[in-house]
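Q: Handing you this structure, nothing more for now.
The values are calculated or read from the model by the stated rules, or taken from the named source; none is laboratory data. For clarity, every value in this text was computed on a predicted model and none was experimentally measured. Because the Cβ atoms are built from the backbone with ideal geometry, glycine has one as well, and the counts that use them run over all protein chains shown. Quick note on the areas: whole protein, heavy atoms, side chains included, nothing else; ligands and nucleic acids left out. Shrake-Rupley method; radii C 1.70, N 1.55, O 1.52, S 1.80 Å.
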Amino acid sequence: MNISKFLYVGAIGLFALTSCSDDDDNTTVIVDSTADLYATSHTDGNVTKYDLLRGGSTVYTTEATDSEGIFYSPDDDSFTIAARGATQNSLQSYLSISDLVDGSLDLTVDISSPSALQSPRDIAVSGDIYVVSDDTNDNGRFFVFEKEGDSFTLRNTVTVEFAVWGIEFVGNDLYAVVDKDTDLAVFTDFVSTNTTDATVAASKRITVEGIVRTHGLDYDGGTMIMTDIAAASGGDFDTDGAFHVITNFDSKFNAVENGGTLAVEDQIRFEGDATLLGNPVNVVYDAETDAVYIAELANGGGKINSYGNVSSSAGGNIPPNSSAVLSGVSSLYLYKD
């Protein structure tokens, strides 16, 4: 199956460079850009990379048995995951992955952090700082690691007064969903302000109207995407999920006072059984193609759903443009170059 057509929402033309010879009948399309979608899994800890431009996928068998949260760095051609489980509770980095060309590859971890995590959910990166959200209890924690050469150092741990899940850097500010709730919080100048072990309050926290229970978020090009898992189990939990598109996010967020509510009229909500969303646990957004990719955990045991033209749509009960099965899918990361 051609994964580029299957997952990329018809946007391949934005990345293909066309070279024409003197003969108009002899046209060669040269794709020399990159659009790779990385996905982690609870089922086996593997990482799957989908090449959205050329088609095909690569499965990397890692040393993790369960993972959630992933980041790709072009500096050392590595991906970093948060390993989960009774015996694995650290960041793991795997280097020079593009040198490996087979369809399925067994990897040995190259860099591992100190064992500190308990229930990691997401990774947000700012320079050499890797922040991991951990939802062990109702007082969530952010583990702040610093990557120096071939090692991770746990710099400090920040405890917050709510359960956590998805996190996202927007400039120097760290946005965090309030798990088990409908809220979105921000910690301004997070890295420079929070340098020691401490319990801190969010700089600002607002309610996002229309959401039942939020989990994932992603920001690109001035638009924020937030997911809604609604019920985590029971009843119609595998079809009651949704996601919200918040265009002009910065101005809308700034206009809401601390403790206030962002009205549903200022958002675009996708919901309904046709969306194939039950527990959308993680999301990435590509502003250039106006495409959303969602890690959907409940519907069908795990899928990656894609939706196009999300900021210009009216939302509603819209089916995905495509849906790929990935058992236990837990998080996504899109790298483009």
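Q: Residues to consider are ALA86, ALA82; find the one that is free of Cβ contacts under 8 Å to residues at least 12 places away in the same chain and farther than 21 Å from THR34 by Cα. Before the answer, list the steps.
A: Working: ALA82 fails: free of Cβ contacts under 8 Å to residues at least 12 places away in the same chain.
ALA86 is the lone residue from the list that is free of Cβ contacts under 8 Å to residues at least 12 places away in the same chain and farther than 21 Å from THR34 by Cα.
Q: Only one of (1) open to solvent by less than 60 Å² (accessible area, probe 1.4 Å); (2) in a loop (DSSP other than H, G, I, E, B); (3) closer than 22 Å to GLU168 by Cβ; (4) modelled with pLDDT of 65 or more is not met by VAL9, so which one is it?
A: Of (1) open to solvent by less than 60 Å² (accessible area, probe 1.4 Å); (2) in a loop (DSSP other than H, G, I, E, B); (3) closer than 22 Å to GLU168 by Cβ; (4) modelled with pLDDT of 65 or more, only one is false for VAL9: (4).
Q: Take the range 232-249 and flag every residue that is under 16 Å from LEU217 (Cα atoms) and free of Cβ contacts under 8 Å to residues at least 40 places away in the same chain. Step through it out loud before you land on a result.
A: Step one: list which residues in the range 232-249 are under 16 Å from LEU217 (Cα atoms), which gives 241-249.
Of everything in the range 232-249, those that are under 16 Å from LEU217 (Cα atoms) and free of Cβ contacts under 8 Å to residues at least 40 places away in the same chain turn out to be ALA242, HIS244, ILE246, ASN248, PHE249.
Q: Also, quick follow-up: Which residue pairs have Cβ atoms closer than 6 Å, lie 6 or more positions apart in sequence or on different chains, and pair a first residue in the range 46-64 that is on the phi > 0 side of the Ramachandran plot with a second residue that is of a type in the set (Gly, Ala, Ser)?
A: Every condition considered, the pairs that remain are GLY55/SER4.
Q: When the residues of the range 312-325 are filtered to those that are assigned to a loop (DSSP other than H, G, I, E, B), over 14 Å from ASP273 (Cα atoms) and out of contact with any Gly (no Cβ under 9 Å at 6 or more places or on another chain), which remaining residue is least open to solvent (accessible area, probe 1.4 Å)? Steps first, please.
A: First pass over the range 312-325, keeping only residues assigned to a loop (DSSP other than H, G, I, E, B): 312-315, 317-321.
Remaining after also requiring over 14 Å from ASP273 (Cα atoms): 312-314, 321.
Pick out the ones that are also out of contact with any Gly (no Cβ under 9 Å at 6 or more places or on another chain) and you get 312-314.
Details: SER312: 95, SER313: 35, ALA314: 100 Å².
Per the criteria, the residue is SER313.
Q: Residue by residue through the range 52-89, note down the ones that are assigned to a strand (DSSP E or B) and open to solvent by 30 Å² or more (accessible area, probe 1.4 Å).
A: The initial filter retains those residues of the range 52-89 that are assigned to a strand (DSSP E or B), namely 57-61, 67-73, 78-83.
Matches in the range 52-89: SER57, VAL59, THR61, PHE71.
Q: Further question: Is it the case that TYR94 is within 21 Å of ASP44 (Cα to Cα) and either among the hydroxyl-bearing types (Ser, Thr, Tyr) or at pLDDT 95 or above (or both)?
A: Details: within 21 Å of ASP44 (Cα to Cα): yes; either among the hydroxyl-bearing types (Ser, Thr, Tyr) or at pLDDT 95 or above (or both): yes.
Yes, satisfied.
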